[in-house]
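First the structure, in the form of structure tokens, and then the observations on it.
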């Protein structure tokens, strides 16, 4: 991590991930990028569905390969790059037939390292193979939830899941949230841990950096008027005034289970994630 001398109030707390010596390229590969319009918390009607999002720096989208449909063709890592659209590092994978694709990089992978997507691949970092061929206890990332459905789980910086068991056509995986879930054994996953593991230690230090990221300010409910929030109003500082914590719209937010009771994936959950103070 990179820290700063306290030349200003915001500099005192600020910290960054050290990119020097890690990233090998500053500009993305043009053929694998395109412009896009960020949703900034709006739906297809333009109405705000998620508050506190908006503005932020303009971004180019890097077409990252999550499908990994080039099988049995070895690939070589040609670069380690920063991606503003995700927390992990990405890199150019150059396949033996000459095609280039962006991929999410695992921890400790360097330029020149090789990997392969194959059912017969060795259990080495960055290699991708079906879950049924991965030994129990192995850390994995970029995990499919449905065969040929593309990577859905374990894509953020420093994240990994763990193979716990193989039985009856399913693989039990311990998710980053501590949930243990059954996944079809024919789904594919990459071996290793996602790169940029220091990302969660980063401290923005000032409000401006949040605005660059597209994060807008959050107003406390207790600072509002009674018409705007259940916690609003009162002379001076007031307590919550309601038996249970509520959202702006009066929905109970603390202690109530929100998962759909008859959700289709309930049958795949072996052990629920730990929540609350004891997690």
Which of rounded, prolate, oblate describes the range 224-279, given a ≥ b ≥ c as roots of the alpha-carbon gyration tensor eigenvalues and a/c under 1.5 marking rounded, otherwise prolate only if a/b is larger than b/c?
prolate
Potential extension, residue 238-residue 36 segment - 0.36 nm per residue separation minus Cα distance
68.3 nm
Return 108, 118 ranked ascending by Cβ neighbour count within 10 Å, so the fewest neighbours appear first.
108, 118
So what does log10 I(q)/I(0) come out to for the chain at q = 0.10 Å⁻¹, using the Debye formula with one equal point on every Cα and no solvent?
-0.71
I need the peptides 188-196, 227-235, 82-90, 3-11 ranked by packing, meaning the mean over residues of other C-beta atoms within 10 angstrom, with the highest value on top.
188-196, 82-90, 227-235, 3-11
I want to verify a result. In a Gaussian network model of the chain, Cα cutoff 10 Å, which of these has the top mean-square fluctuation: 261, 106, 176?
261
Would you order 262, 100, 182 from fewest to most other beta-carbon atoms within 10 Å of each residue's own beta-carbon?
262, 100, 182
When the expected Rg is taken as 2.2 N^0.38 Å, what fraction or multiple of it is the alpha-carbon Rg of the range 1-48?
1.90
What is the distance in Å between the Cα centres of the range 210-279 and the range 69-131?
39 Å
Among 239, 112, 54, the residue with the largest mean-square fluctuation in a Gaussian network model of the chain built from Cα contacts under 10 Å is 239
When the helix-only estimate is applied to the chain (DSSP H runs of n ≥ 4, each -39,500 (n - 2.57), divided by the residue count), what is the mean residue ellipticity at 222 nm, nearest 500 deg cm²/dmol?
-1000 deg cm²/dmol
GNM top mover of 114, 213, 30 - the chain, alpha-carbon springs below 10 Å:
30
Can you say what percent of the DSSP beta bridges in the chain, counting only those with both residues inside, are antiparallel? Round to 5.
95 percent
Given a Förster distance of 51 Å, report the FRET efficiency between residue 2 and residue 248 from their Cβ-Cβ distance, rounded to the nearest 0.05.
0.85
What ranking of 198, 81 emerges when the number of other C-beta atoms within 10 Å of each C-beta is taken as an exposure proxy, fewest first?
198, 81
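Read-outs: derived from the displayed coordinates by stated rules, not from any lab. Owing to the predicted nature of the structure, the values given are computational and were not obtained by experimental measurement. Reconstructed Cβ throughout: ideal geometry from the backbone, glycine too, with neighbour counts over all protein chains shown.
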